[in-house]
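Shown next, in structure tokens, is the structure this report addresses.
Laboratory data are not the source of any read-out in this text; all were calculated from the coordinates shown. Because the structure is a prediction, the values reported are computed rather than measured. When we count neighbours, we look across all protein chains shown, and the Cβ atoms used for this are built from the backbone with ideal geometry, even at glycine.
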Amino acid sequence: MQRNFSTELITCPVAMGRFSERMRGQGKTIALVPTMGCLHEGHLSLVRAAKQKADVVVVSIFVNPLQFGENEDLAAYPRPFARDLQLCQELGVDVVFHPDARALYPGEVPTRVEGGPTAKVYCGQTRPIHFGGVLTAVSILFHVTKPQFAFFGEKDFQQLFLVRQMCRDLHFSVEICGMPIVREAGGLAMSSRNVYLSPDRRAIATVLYRAIGAAQQMVRNGERSAAKVLNEVHSLVQSAPEMALDYAELVDVNTLARVDQLLGPSRLLLAAFFGDSPRIRLIDNGAV
């Protein structure tokens, strides 16, 4: 028999903190799944994994203004909150934490967490304030929700690396659980921004996935030169209509430093701009 599950909605950080303290006082473990809403199967896979790990699952839904730069899509970012809440209820999420920015950032100029040099390269070069905004929001969410575990998808691989680095450097007692990328049928990495893509554009956008596959095949065939692999990746992505490569980099998974030779665990990181109206930025990555 399926139990009638009621997800609690909390909007106040103080109330959220009290709830978490009460759960911890009862000896229960808490897992946090931080999101900006517009939930898709990638998010839901994190929720399912969190339910296997902890007694209490908290999903935060917060469109974080600090991580959006000038002329980015903060105002247009999709916010189907009623649908998101229903999905959380169907999955048995214990709490949806849905604060507004004034509640989470009470100061006029919020204190910020910066990510160091690794936050300034790759996605950080194109979006220079992005990771500082992400890390600031995540650190506040950790303080408010008090989780023992937090779940992030590997699609945002640089973000996952920086959150782990922050927890190490600032001594957060939170275990960061990275989960595999969930993809659409054609291979496109699931993202809330995919709602901007028409079916035809979704098909074109799978070139990022195909480029990752081509790089993996080259390495399986014995290629160890990062430059040669990246040349193939550039050619594939740039050949797709409406697609402009932002960057393609092969990095060491343990340091995120660029590699010249593929001699150890490495990751291909990709970002591209697609179309003009609207101009959509897509990211993807894969082990090579």
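Points to keep in mind about this one:
- Theoretical FRET efficiency, 1/(1+(r/R0)^6), r = Cβ-Cβ of Q89 and R258, R0 45 Å, to 0.05: 0.55
- Neighbour-count ranking [beta-carbon atoms within 10 angstrom, fewest first] of C123, C88: C123, C88
- Comparing A271, A54, A215 in a Gaussian network model of the chain where C-alpha atoms under 10 Å apart are linked, the largest mean-square fluctuation is found at A54.
- The charge dipole of the chain, taken about its Cα centre with unit charges on the Cβ atoms of Lys, Arg (+1), Asp and Glu (-1) only, comes to about 560 debye.
- For the chain: rounded, prolate or oblate by the Cα gyration tensor [a/c cutoff 1.5]: prolate
- The Q125 and Q216 beta-carbon pair, evaluated with R₀ = 25 Å, returns a calculated FRET efficiency of approximately 0.50.
- The number of Lys pairs in the chain with C-alpha atoms less than 16 Å apart, excluding pairs fewer than 8 positions apart on the same chain, is 4.
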